[in-house]
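**Q** Take this structure, written in structure tokens, and hold onto it; I'll ask about it next.
The values are calculated or read from the model by the stated rules, or taken from the named source; none is laboratory data. Since the structure is predicted, the reported quantities are computational estimates derived from the model, not experimental observations. Here the Cβ positions follow ideal geometry from the backbone for every residue, glycine too, while neighbour counts run over all protein chains shown. These area figures cover heavy atoms from the full protein model, side chains too; ligands, DNA and RNA do not enter into them. Shrake-Rupley method; radii C 1.70, N 1.55, O 1.52, S 1.80 Å.
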Amino acid sequence: DDDGPPDGGGCRSGEGCDSDGDGIPDDSDDYPDDPCNGPCGCGGDPCCGSSDPCCGNPDPCCGNTDPCDPECGDPCDPACIDCDDGDPCTCDECEGGSCSNPDIAQPCLVKQFEGSAGCAGGSASLSAVVCNSGDCYGAYEWTATVGGDPVGLGGFGLSAQSCNDVIISVQVDAESAEGTVVVDLAITPLGCDAMERSAGCSTSATLEIRKLDLRFLNLPEEEENDPGAWVPRNDDDDNDNGQKDYLENSVVNGEDDLAPLFLKAPANPSGTVTLDFIRGAGRIKLYKNSDKSNPVSLPKTWTANEVPTGLFVEGATVSTSLRDIGLELSYAGPGGPCEPATMDFTVARVGIVTLQFNSDHNLMFDNDVDYEQSFTSLVQPEWFPSFSRNHPISHTMDIPSTVQLSIWVQPNALPVSLFLKLTDFMPRGVSPGGEGR
């Protein structure tokens with residue numbers, strides 16, 4: 001106010017004001033370290049000297065010149081903008097903050113394509129999210145291929161610049177090998193002025209192929225139905241209680257005649273797996289354990305991810321014909337129905353009728369006094385069937401023994417390969433000089 005005395009802080013604006021009363025006008029440049037002296041005055045304006053025209057402006061869109069930024073006002077103003085192909089001579093369109101040039105084909109976009117799992121002989125569902133980045137709307141077609149071979153075809157609709165959830169359902173061939181394959185997905189527009197305003201897109205995902213399977217011992221897969229699996233009737237007495245094991249309805253200690261059956265199924269928690277007889281129910285019995293504990297009655301259904309890896313098979317009733325027992329493992333649920341796994345069985349019996357030592361037949365006598373060939377010849381056969389053990393005798397004097405064996409087989413048409421195993425053999429005799437071996 002140019003009145004001479006210092007203002008003492010009373011004058012806050014105007015030429016010559018001395019806000020801090022130090023006798024130096026606020027607009028003086030003489031003492032730049034004094035926050036009240038200089039062109040920005042007392043108070044230290046943070047934008048003083050800033051070249052940013054938006055400094056201090058609370059509007060977050062101040063200075064935003066992007067016409068396609070939907071956060072700041074109307075992105076479609078001006079009506080004719082250039083935000084797509086960089087050519088100022090083409091008028092691009094803007095909708096919902098996205099720009100496109102209607103004269104240029106815009107590719108679609110698969111934002112998501114998730115892999116899946118399915119079983120041979122069934123189907124698998126893969127999900128995709130397909131978006132139209134241009135302004136084409138109407139019908140689209142999808143094609144799924146594996147190794148160039150079509151496995152699925154379908155369609156869906158899209159409006160301009162929109163996305164759609166698409167379920168890609170593919171058929172898995174029953175003869176497909178177990179493993180992982182790549183599914184290629186191609187999207188093709190069917191309208192939009194002969195495809196001049198939109199283009200297709202493509203992507204890929206993996207599909208895990210699983211199979212239902214039954215396996216028995218070392219039986220080759222190609223023989224599971226012909227000739228099938230052969231199971232002996234459990235005729236012995238492993239726990240020595242005087243009863244044949246197949247008649248036992250409880251745990252048998254020392255049981256060693258049950259054979260493992262392996263099961264395999266898709267581990268889908270939403271599906272179920274069932275094991276059942278096709279024919280011949282009751283001729284074989286199944287257990288969880290090899291000692292006949294925890295019997296499993298058929299049909300038996302499990303949640304698909306709880307199927308046991310194996311069960312144990314016991315021959316109970318002799319077959320009347322070959323392959324008169326059939327098992328089937330089936331699946332129901334997402335991705336199904338699947339090709340079931342089957343296996344045929346025959347319960348067999350083989351027994352010895354006679355065993356004759358031809359190398360010294362009719363040369364052994366019931367003489368227990370000396371070595372003279374006197375008294376009566378030992379009766380034939382040297383061995384006879386008995387539930388208890390009996391003891392045939394052969395005395396060959398260092399001559400190789402020959403044996404004639406007669407056997408019976410059930411069922412009659414069962415092919416038999418015979419293998420002889422010599423066990424518990426202790427050659428022993430009495431000589432004039434004492435015991436010999």
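**Q** Using a 1.4 angstrom probe on the protein heavy atoms only, could you order 211, 288 from most to least accessible area?
**A** From most accessible down to least: 288, 211.
**Q** Which order do peptides 353-359, 226-232 fall in by mean Cβ count within 10 Å, highest first?
**A** The packing order, highest mean first, is 226-232, 353-359.
**Q** Sort 266-274, 339-347 by packing, meaning the average of other beta carbons within 10 Å per residue, with the highest value first.
**A** Answer by packing, highest mean first, reads 339-347, 266-274.
**Q** How long is the gain from residue 241 to residue 221 if the chain were fully straight, where each residue apart is worth 0.36 nm and the alpha carbon distance is subtracted?
**A** Taking residue 241 through residue 221 to full extension adds about 3.4 nm, to one decimal.
**Q** What does the charge count near residue 296 come to, summing +1 for each Lys or Arg and -1 for each Asp or Glu among other residues with Cβ under 9 Å from its Cβ?
**A** Computed value for this residue: +3.
**Q** Right, another one. Measuring from label point to label point, each 7 Å out along Cα→Cβ, what is the residue 52 to residue 190 span in nm?
**A** For residue 52 paired with residue 190, the spin-label model returns 5.4 nm.
**Q** Considering only the other residues whose Cβ falls under 12 Å of the Cβ of residue 216, what net charge follows from Lys and Arg at +1 and Asp and Glu at -1?
**A** Computed value for this residue: -4.
**Q** Net charge around residue 149, counting only other residues with Cβ within less than 15 Å of its Cβ (Lys, Arg = +1; Asp, Glu = -1)?
**A** -3
**Q** Report, in listed order, any pair from 211/285; 244/292; 244/264; 211/300 with a Cα-Cα distance greater than 21 Å.
**A** Those over the limit are 211/285; 244/264.
**Q** Give me the extension gain from residue 177 to residue 289: residue separation times 0.36 nm, minus the current Cα-Cα distance, reported in nm with one decimal.
**A** Length gained, residue 177 through residue 289: 37.2 nm.
**Q** Calculated FRET efficiency, residue 412 and residue 370, Cβ-Cβ r, R0 30 Å, to nearest 0.05? Working shown, then result.
**A** Details: r = 48 Å, r/R0 = 1.61.
The formula returns an efficiency of 0.05 here.
**Q** In whole percent, what relative contact order does the range 205-292 give with Cα contacts below 8 Å and a gap of six or more residues?
**A** 35
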